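Undergrad: Quick one: structure below, then a few questions.
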Amino acid sequence: MARRLSAEDRAQTLAPLLSAEHGAWALVDGRDAIKKTFVFADFNRAFAFMASVALSAEKMDHHPEWFNVYNRVEVTLSTHDCQGLSARDIALAAHIDAAATSLS
Ligand code: HBI
């Protein structure tokens, strides 16, 4: 069972993701979740990004909530098992940012 991030966890691992110079993820209003929108050159790169993230998600047994239209992918991360942010979301966010960087 995943454990919700503590206040200390959030200061140490979540805060960098929210900073502009690192991940530029954003907190979701009304939910203990984070979100980020990725824009790619075209649909093929957006889909390649989703395919790459899907493989990481399966390996991690942790899956994003996402919406795609053409070259844009909106990603939201939260952990169903604890109704909030867990370390799994932080780890998946890092994989997601790496996948986006390699396709930009
Ligand atoms: N993905 N975001 C998210 N949150 C979960 O709690 C979660 C998941 N993927 C798989 C998963 N949990 C499984 O561990 C449980 O459904 C058994």
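The values are calculated or read from the model by the stated rules, or taken from the named source; none is laboratory data. Because the structure is predicted, anything quoted here is derived from the model rather than measured. So basically every Cβ, Gly included, is an ideal-geometry build from the backbone, and we count neighbours across all protein chains shown. Accessible surface areas use protein heavy atoms only, side chains included; no ligands, DNA or RNA. Shrake-Rupley method; radii C 1.70, N 1.55, O 1.52, S 1.80 Å.
Undergrad: In the set 59, 35, which member is basic (Lys, Arg) and over 12 Å from residue 85 (Cα atoms)? Reasoning before the result, please.
TA: Details: 35 fails: over 12 Å from residue 85 (Cα atoms).
Result: 59 is the single residue among 59, 35 that is basic (Lys, Arg) and over 12 Å from residue 85 (Cα atoms).
Undergrad: Does the range 51-65 include one or more residues that are exposed (fewer than 13 other Cβ atoms within 10 Å of the Cβ), in contact with a strand residue (DSSP E or B) (Cβ under 7 Å, 6 or more places away or on another chain) and either of a type in the set (Gly, Ala, Ser) or more than 25 Å from residue 11 (Cα to Cα) (or both)?
TA: No, there is no match, as no residue in the range 51-65 is exposed (fewer than 13 other Cβ atoms within 10 Å of the Cβ), in contact with a strand residue (DSSP E or B) (Cβ under 7 Å, 6 or more places away or on another chain) and either of a type in the set (Gly, Ala, Ser) or more than 25 Å from residue 11 (Cα to Cα) (or both).
Undergrad: Output the number of residues of the range 36-84 satisfying the condition of being polar (S, T, N, Q) and near the ligand (Cβ under 8 Å from one of its atoms).
TA: Result for the range 36-84: 2.
Undergrad: In the range 1-17, what residues are exposed (fewer than 13 other Cβ atoms within 10 Å of the Cβ) and in contact (Cβ under 8 Å) with a residue 40 or more places away in the chain?
TA: 1 - this is the single residue of the range 1-17 that is exposed (fewer than 13 other Cβ atoms within 10 Å of the Cβ) and in contact (Cβ under 8 Å) with a residue 40 or more places away in the chain.
Undergrad: Of the residues 20, 87, 98, which is among the aliphatic types (A, V, I, L, M), open to solvent by 50 Å² or more (accessible area, probe 1.4 Å) and within 16 Å of the ligand (Cβ to nearest atom)?
TA: Matching residue, one of 20, 87, 98: 87.
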